[in-house]
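Novice: For reference, the structure I am asking about is given below.
The values are calculated or read from the model by the stated rules, or taken from the named source; none is laboratory data. This is a predicted model, so every value here is computed, not measured. No Cβ is skipped: glycine too gets one built from the backbone with ideal geometry, and neighbour counts run over all protein chains shown. The protein model used for the area step is the full one, side chains on, heavy atoms only, and it has no ligands, DNA or RNA in it. Shrake-Rupley method; radii C 1.70, N 1.55, O 1.52, S 1.80 Å.
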Amino acid sequence: MINRIAFIGMLAFFCTTICTAQNFSGLQNKKLTKVDDLGTALESLIGRLGGSVDGTIDSVVVIEDYEKEIRLKIYYTNFANAYFTVSTMTESRQRETQVEIVKFSQPGRNSPAECVLRLNSTVPKESLQESQYLRIDIARKPDGGGKVKVFSLRKKWKMEGGPSASNSNMLIRAVLQPVGVAANLNPSSDNGVMPAKNIRFNKALLNVTDEKIRKPPVKTTGGNSFTERVSYKKFYAFDNVSGTWVNKVTTTNGYSRMIITNNNHISLYWRSGSRETPASAPLTTISPNKFRAQFAGDGKAETVNTKSELDITLLNNNEMAVKITTLIKSFFSTNRKTYDYTFMRQIQPGQVDPKIHTIDQWLFVMPEKTPPGPVSTEPLGPGASDIVNLWDGIAVDNLIDFKDPQEISNINMTVIPDKNPNSGLYYFLPADFHLIWDPAVKAKKGYGLTISYGKQTEAEADANADAPVNMSAILTAGISSKEKSFVRALLKSKFPNFKDIRPLPLRENIQTTFQNTLGALYNIPAEKITVTSGTDFTNTIKVAWSTNSDTKEFIQTALTSGEGIVASVILKPKNEEITEQQIPASISLADTRPFGKMNLEPLTWRTKEWKNATSYPLRLKYLHVLKQSKQGNNPIIYSWSMDNMEVPSLASVSFENNPVPLWLDNDPSSVMWLDYSVMDCRECNDTVITAVTDGVSGSTVQQIKFIIPKAVFDTLKADYFMIYVRSSQVDPKGEMVKELPVLNITNEPGKNFLVGPLFIPKGGSPDFEFNIKVSSTDGEFYLSDKWIKTSEKEVLLGKSRVIEIFKGIIPGIN
């Protein structure tokens, strides 16, 4: 038998060196050695014939070393306004076409310069190669001759698809170790072994977590520096604040109580003696436990002109902190007063809270006898008086910790029976909503996320603003037929008259709090956010928004960090007596939620290999089997450890399955799944972002500014100039040379004339060509006979440069 510890150690080493791809060639933080040879010395000598380039390359240091890219920092002296060309060479000193050549200029820039060399996307994914040398050409003109410097590189390359391609042939043997009572199971039959611990999910405790999310930095006024904004708590779900709330401190003069309805309207009462005066206003959700209302008048009889702002922070299910800021204006003065209170939820005398029962308790709620006469089985719709907590009381081993019901099922623990118990119908809810992911869909790596760059308007160009970035996410509840089958079996075992389960019917389209989240965290206006949904939560929800390229980068970081964008989905039941349901929702990429439960098919898992179809390496923790117990038919989970085994993307796993009794496979109630986590992988993040982006991952969106002095208009007798720009950087993916819309430059001093955007790869510089057409004041048009290649962000078309361009084309210009 293979030594298990050694095998896992080897696998961990493999994922450290291949999957995460950091320091792939061992070059990170290394200074490259300069190589002197006759060939490059001769090239440098020939290059001097075109004009001397003064300066020296002091050193080249590798900053980052990955499978398909390497980031370099070039330290140099002088080389003012020089043009750099950086490439790689083979052992025979031939330039390599497999590695993209980087070109940039250094006008006005100081040493050092950074650049990124990337393996060309046309290189076969399974290939592995090595670049022996780094070559740097420095010239006075683009693509001109000049100095040539060569350094020893020995950079190993492997396409991002390379590991995946080889991983697809990788088979890993998983050893299963029983956890706790799973070791006591009878190999041949169910002997009714019960784990020691029962899970009691407290819904109130699932609403909030302590994890912090930082709002993206913003530019300081009048500058380019960035300052960090206030930190926000990350909320997992959404609390219901509807009801009557009273001040914990009884008062005869002051704010005494408030009534909140549908989580979106509030009536605030001011007491003066025995009299209460209400003021009403809409209630806005700021975040899942924070709410705000603004009152034009707050109900205080002695105040003629007031404005009040009320902020609520929900502390728990029955208490809230209330801060009321009142602005009191009179003819003579303006005063501001702040009141801080604690309010508690009021239960009216005789009011009965909706009962929430476990499945066992429900048995005592059901009628003991069938009433005489014909029994109607006609469904009457979901009721509001009795709710079954489906997952409460699940028996698990002490060593296993399930924090959220979503780890067990995408079906909510709340199941609602029909008003007519004889109908045998029950209504279910989703556990959460998350980004859709389908491994069978090759486009965008299977994700329902799209990032695309829009076209820049003239107004945006005049304001020197970025082209908009449009982002959209498709969310799903991800409820599988297997999970519904288990719930059916569980309910059938408890309630003999059970017939079926259905989604809880809703009275209106699904709502979300993504508008609040995107607005609060990323300053995206509400009018730039749309949510498309219906009344069936088993269908998808689409959230779309428009932002700028800087904010897109912040959102992208959240999506790939596991932090995600967190909000809530609000379901309004058709039966208005049932409380609105707030379901957690998240948009994330490198997270378990979009991938969902990794289910195994009980009848085939022993012979059929399981494949990691995600773009990320996964860490497998446990194999869980959920089944009905023979002792009362409660849910029960047995577990087998896989010792955090690491599985690269597209690798397959076969299971050493002897420790798992065969009879579990044949139990019709069995549901099997893998408990796992997503490993950090920067290269994987880049690959996924590139796949979902209609543009290059990490691109800088650059506008190009053209400047033509007034004297040029006078010399050429020009009415206006038309600038044509073409480049592969116009194409967000960098695959095709495209032209930008024509830029018209008029004789308007002080006006910015910008054209774009160009999508510049990370570490690169602008690379484009432009051509000019002149419209003269006498009604003639003159087009330059050549395209001019440049890497300037600001193109200065001075008098001598324009005369050179149009020499012999415009009459009188020689």
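Novice: Assess whether Ala395 counts as being of a type in the set (Gly, Ala, Ser), surrounded by fewer than 20 Cβ atoms within 10 Å (Cβ to Cβ) and on the phi < 0 side of the Ramachandran plot.
Specialist: no
Novice: Just one of the numbered conditions (1) at negative phi; (2) in contact (Cβ under 8 Å) with a residue 12 or more places away in the chain; (3) open to solvent by 10 Å² or more (accessible area, probe 1.4 Å) is not true of Gln94; which one?
Specialist: Looking at each condition in turn, Gln94 falls short on (2).
Novice: How about segment 131-145: which of its residues are in a strand (DSSP E or B), farther than 16 Å from Thr33 by Cβ and either open to solvent by 10 Å² or more (accessible area, probe 1.4 Å) or of a type in the set (Phe, Trp, Tyr) (or both)?
Specialist: Within segment 131-145, just Asp137 meets the criteria.
Novice: Whether any residue in segment 487-498 is modelled with pLDDT of 85 or more, crowded, with 17+ Cβ neighbours inside 10 Å and over 17 Å from the mean Cα position of the chain (by Cα) is what I want to check.
Specialist: yes
Novice: Mind telling me which of the residues Ser561, Ser586, Ser546 ends up being out of contact with any strand residue (DSSP E or B) (no Cβ under 7 Å at 6 or more places or on another chain), open to solvent by 10 Å² or more (accessible area, probe 1.4 Å) and either small (Gly, Ala, Ser) or more than 25 Å from Pro503 (Cα to Cα) (or both)?
Specialist: The unique qualifying residue is Ser561.
Novice: Which of the following residues is of a type in the set (Gly, Ala, Ser) and open to solvent by less than 50 Å² (accessible area, probe 1.4 Å): Gly763, Gly812, Gly750, Gly779?
Specialist: Just a single option satisfies the conditions, and that option is Gly763.
Novice: Is it the case that some residue within segment 229-236 is at pLDDT 50 or above and either out of contact with any helix residue (DSSP H, G or I) (no Cβ under 9 Å at 6 or more places or on another chain) or assigned to a loop (DSSP other than H, G, I, E, B) (or both)?
Specialist: No.
Novice: Residues being among the charged types (D, E, K, R), within 17 Å of Lys762 (Cβ to Cβ) and open to solvent by 20 Å² or more (accessible area, probe 1.4 Å): count how many of those fall in segment 62-91.
Specialist: 4
Novice: Moving to a separate point now. Scan Thr579, Thr607 and give me the residue that is more than 19 Å from Asp675 (Cα to Cα), without any contact (Cβ under 8 Å) to a residue 24 or more places away in the chain and out of contact with any Phe, Trp or Tyr (no Cβ under 6 Å at 6 or more places or on another chain).
Specialist: Thr607 is the lone residue from the list that is more than 19 Å from Asp675 (Cα to Cα), without any contact (Cβ under 8 Å) to a residue 24 or more places away in the chain and out of contact with any Phe, Trp or Tyr (no Cβ under 6 Å at 6 or more places or on another chain).
Novice: Right, here's the next one. Going through segment 254-268 one residue at a time, which ones are touching an Asp or Glu at 6+ places or on another chain (Cβ under 8 Å) and in a strand (DSSP E or B)?
Specialist: Passing the criteria: Ser256, Arg257, Leu268.
Novice: Still on this structure: Can you tell which of Ile723, Ile803 is at pLDDT 90 or above and crowded, with 19+ Cβ neighbours inside 10 Å?
Specialist: Within the list Ile723, Ile803, the selection yields Ile723.
Novice: Moving on to the next point. May I ask you to say which residue of Ser670, Ser677, Ser654 is among the hydroxyl-bearing types (Ser, Thr, Tyr), closer than 30 Å to Leu620 by Cα and in contact with a helix residue (DSSP H, G or I) (Cβ under 6 Å, 6 or more places away or on another chain)?
Specialist: Going through Ser670, Ser677, Ser654 in turn, just one is among the hydroxyl-bearing types (Ser, Thr, Tyr), closer than 30 Å to Leu620 by Cα and in contact with a helix residue (DSSP H, G or I) (Cβ under 6 Å, 6 or more places away or on another chain): Ser670.
Novice: Looking at segment 1-97, what strands (runs of 3 or more DSSP E) fall wholly within it and have at least 1 residues that are charged (D, E, K, R), farther than 30 Å from Asp680 by Cβ and at pLDDT 80 or above?
Specialist: 33-35, 55-65
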